[in-house]
Amino acid sequence: MRVSVSNLTFGYDYRTVLKDISFVLKSGDFLAVIGNNGSGKSTLIKCILGINKITPNRILLDDVDVVDYKNYKNIGYVPQKFDDFNYEFPITVNEILQVSKYTDFTEDQKLELLDKVGILELQNENINNLSGGQLQRVFIARSLMNNPKLLILDEPTVGVDRENVEGFYKTINELNKEGITIMLITHNIHESKANFTHILSLHNGEASFREISRGDE
Amino acid sequence: MLLINESFFFALFEYSFLRYALLTGVIMGFVTPIIGSFVVIRRLSFIADTLSHFSLAGLSIGLFLINIMGFTFISDPLYLAMIFSVIGALFIEILRGYYQNYKEISMPIVMSLGTALSALFISLSGGFNSSIYNYLFGSILTVGNEYLIVIAITTAIVLGLLFIFYKEMVIISFDETYAKLLGIKIARFQFVSTIVLAVIVSLSIATVGVLLVSSLMIIPVAAAMKVGKSFKNTIIIAIMFSETSIIGGLWLSYELDIASGATIVLINLLILVLVGLFRRFYVRKRLKQTQLDIQRK
Ligand SMILES: Nc1ncnc2c1ncn2[C@@H]1O[C@H](COP(=O)(O)OP(=O)(O)OP(=O)(O)O)[C@@H](O)[C@H]1O
Ligand SMILES: [Mg+2]
């Protein structure tokens, strides 16, 4: 999916968080979004996801304005926090994935995905019994359920152990090779084994956007 | 089922009102915990109470119209309860729009309007009488053939809707942000589910009465969620608890000649306590073990 952001300015109440941000991603690009705490990384992706309401014609997804965008099923998203999730009521990993699925993702594809993300054995567990890192992997799996064309990950590996972090980057690098556009917010761009093509660095609301050469090619 | 006393069993064949009561109870015992589960997950327990109090206004206005004004086209005030419950739901939705950041404010406002109207029309109809008592505490033995059909049809429609929109309902209840991302029309779903809740609340009044409706919806779910292993499993357990309380409550109230609504709710509470004890002495140990197992995976 193509993502084009042009002269995006956004703030909460009277405080401007993002100032005049512009960048373009083509299908198959892999963007690292970096910046200090509070620099507006999560705010930016919430604009792209349509969670933050913005003015028209600032963000286009495959040439469609986010303001009018309907096909959100094409976008996979792993939020930074899961505060919005209601945990206390019993529900299993499988059940939550089942109701999040809106494409003809087959049972085999699902099992393969769960295996890749390292939660195959946790399928029938109640999510209330999972650790933070395990839950994070469940949400990573969920973001991949609808065969997304754009994947937006807000610090997805925080709290995930090293073995599974590696598995995770392997998975998303493969997905990226298949042409999926990825935006990944991270604090340690060098440690992650992701094959980034671009970096967007946010500082005091302003962004610098640059292309980088791929490590693996 | 050795406990079933023959007299209740034979009385079922003999008296149609008992059969109607049992059927009404079994239907409500099935549908209320299903709806109640979504109410619990979305932390809306207070809505059920608000709507049942608002229904009482409909009931008292109905009694006033029938007894004092002599309107005969209303056969049963319970229909007005349903209409008022839906009106109450609409009020709640409108007020929620006005108080975006204090959504729960809408409940006490609607509840006080309902309670005030009830008090007003009860006094206009000549004060407290046995019909009012029945509406407050339940009158399942007075449910007739016609109302039973209404209950059956409405329940079938509600269950049908739930079957069709199961995925959407579950994802909205558990994770509204994600549901929004999937492009699900949250506001529309919320509106319809509040109306459905209003209808089910008003139907439950016949079983346990205005004051106990929220108990019928919430307590079996509260007990089941402490022992359920999955979402579906929890709902099935809640239905089992709820049916046990209703069938057991009807039987016991018949045998001992005590109020059925109260008996049903007390059995529900007893189940809740037993589940609490069971969990304390058995499930916790098992849970610790499961968590250890999971961490090892
Ligand atoms: N819903 C909100 N309402 C008001 N202000 C907000 C809201 N969300 C974020 N902010 C403010 O916007 C600024 C940017 O926040 P944001 O969450 O985008 O930062 P971030 O770059 O993701 O930080 P972190 O690295 O800690 O995740 C912060 O100053 C924050 O206080
Ligand atoms: Mg953030």
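Restricting to DSSP loop positions (anything but H, G, I, E, B) with no more than 10 other Cβ atoms inside 10 Å of their own Cβ, which trypsin sites (Lys or Arg not before Pro) remain in the range A:81-166? Working shown, then result.
Working: sites: A:K81, A:K101, A:K110, A:K116, A:R137, A:R142, A:K149, A:R162; in loops: A:K81, A:K101, A:K149.
Passing sites in the range A:81-166 are A:K81.
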Problem set entry | Dipole of the range B:1-133 [Lys/Arg +1, Asp/Glu -1 at C-beta], most positive-end residue of B:I105, B:A21, B:F73 | B:I105
Seminar exercise, completed: Ranked on Cβ counts within 10 Å of their own Cβ, fewest leading, A:T43, B:T32, B:T142 go B:T142, A:T43, B:T32
Exercise. What are the principal axis extents of the Cα atoms in the range B:8-296, in Å, biggest first?
Worked result: 72, 53, 30
Problem set entry | Those residues of the range A:78-93 whose amide nitrogen sits under 19 Å from the label point placed on B:T177, 7 Å along Cα→Cβ | A:78-89
For this session: May I ask for the Rg/Rh ratio of the range A:65-189, computed from Cα atoms with Rh as the Kirkwood radius, given to two decimals?
Result: 0.94
Exercise. If you line up the Cα atoms of the range B:174-272 on their principal axes, what length do they span on each, largest first, in Å?
Worked result: 55, 30, 15
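Which of A:K116/A:K193; B:K167/B:K232; A:K46/B:K103; A:K81/A:K177 have a Cα-Cα distance over 20 Å?
On the way: A:K116/A:K193 16 Å; B:K167/B:K232 12 Å; A:K46/B:K103 24 Å; A:K81/A:K177 28 Å.
In this structure, A:K46/B:K103; A:K81/A:K177 lie more than 20 Å apart at Cα.
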Problem set entry | GluC sites (Glu not before Pro) restricted to the range A:124-206 and DSSP loop, no more than 13 other C-beta within 10 Å | A:E178, A:E191
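Where does the longest stretch of chain B lie that holds no chymotrypsin sites (Phe, Trp or Tyr not before Pro) found in a DSSP loop with 10 or fewer other Cβ atoms within 10 Å? Don't skip to the answer; put the middle values down first.
Details: sites that count: B:F73, B:Y102.
Of all site-free stretches, the longest is B:103-297.
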For this session: List B:H53, A:H190, A:H203, A:H198 from most exposed to least, where exposure is judged by having the fewest other Cβ atoms within 10 Å.
Result: A:H190, A:H203, A:H198, B:H53
Seminar exercise, completed: Ordered by number, the trypsin sites (Lys or Arg not before Pro) in the range B:18-54 that occupy a DSSP loop and have at most 15 other Cβ atoms within 10 Å are B:R43
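How long are the three semi-axes of the equivalent ellipsoid for the range B:86-230, computed from the Cα gyration tensor as the root of 5 times each eigenvalue, in whole Å, largest first? Display every interim value, and only then the final one.
On the way: eigenvalues 181, 90, 44 Å².
Semi-axes from the Cα gyration tensor: 30, 21, 15 Å.
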Seminar exercise, completed: Quick calc, the protein assembly as shown, dipole around Cα centre from Cβ unit charges on Lys, Arg (+) and Asp, Glu (-), nearest 20 debye, gives 720 debye
Exercise. Residues with amide H under 5 Å of A:E206's amide H, sequence separation 5 or more or different chain, H placed in the peptide plane at 1.01 Å from N; which?
Worked result: A:K19
Seminar exercise, completed: Here the protein assembly as shown gives, from Cα atoms, an Rg and Dmax in Å of 27.4, 89
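I need the semi-axes of the equivalent ellipsoid of chain A: take the C-alpha gyration tensor, multiply each eigenvalue by 5, square-root it, list largest first in whole angstrom. Each step should come with its number before you reach the end.
Working: eigenvalues 157, 74, 61 Å².
Here the semi-axes work out to 28, 19, 17 Å.
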Problem set entry | Alpha carbon centroid spacing (whole Å) that separates the range B:242-297 from the range A:124-192 | 40 Å
Problem set entry | Only Lys, Arg (+1) and Asp, Glu (-1) charged, at Cβ; the range A:176-217 dipole about Cα centre in debye | 20 debye
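With +1 on each Lys and Arg Cβ and -1 on each Asp and Glu Cβ, how big is the dipole of the range B:8-296 about its Cα centre, in debye rounded to the nearest 20? Numbers along the way, then the final one.
On the way: 19 positive and 13 negative charges, 306 e Å.
Result for the range B:8-296 is approximately 1480 debye, rounded to the nearest 20.
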Seminar exercise, completed: The ³J(HN,Hα) series, computed from each phi in the range B:105-122 with the Karplus coefficients 6.51, -1.76 and 1.60 at θ = phi - 60°, rounded to the nearest Hz and given as x for glycine or proline, is 4, 4, 5, x, 5, 5, 5, 5, 4, x, 5, 5, 4, 4, 4, 4, 6, 5
For this session: Specify which residue in the list A:Y72, A:I59, A:L144 is farthest towards the positive end of the charge dipole of chain A, using unit charges on the beta carbon of Lys, Arg (+1) and Asp, Glu (-1), about the Cα centre.
Result: A:I59
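Computed from the coordinates by the stated procedures, all read-outs in this text should not be read as laboratory data. What you are looking at is a predicted structure, and each value in this text was computed from that prediction instead of being measured. Neighbour counts are summed over all protein chains in view; Cβ atoms, including those assigned to glycine, are modelled from backbone coordinates with ideal geometry.
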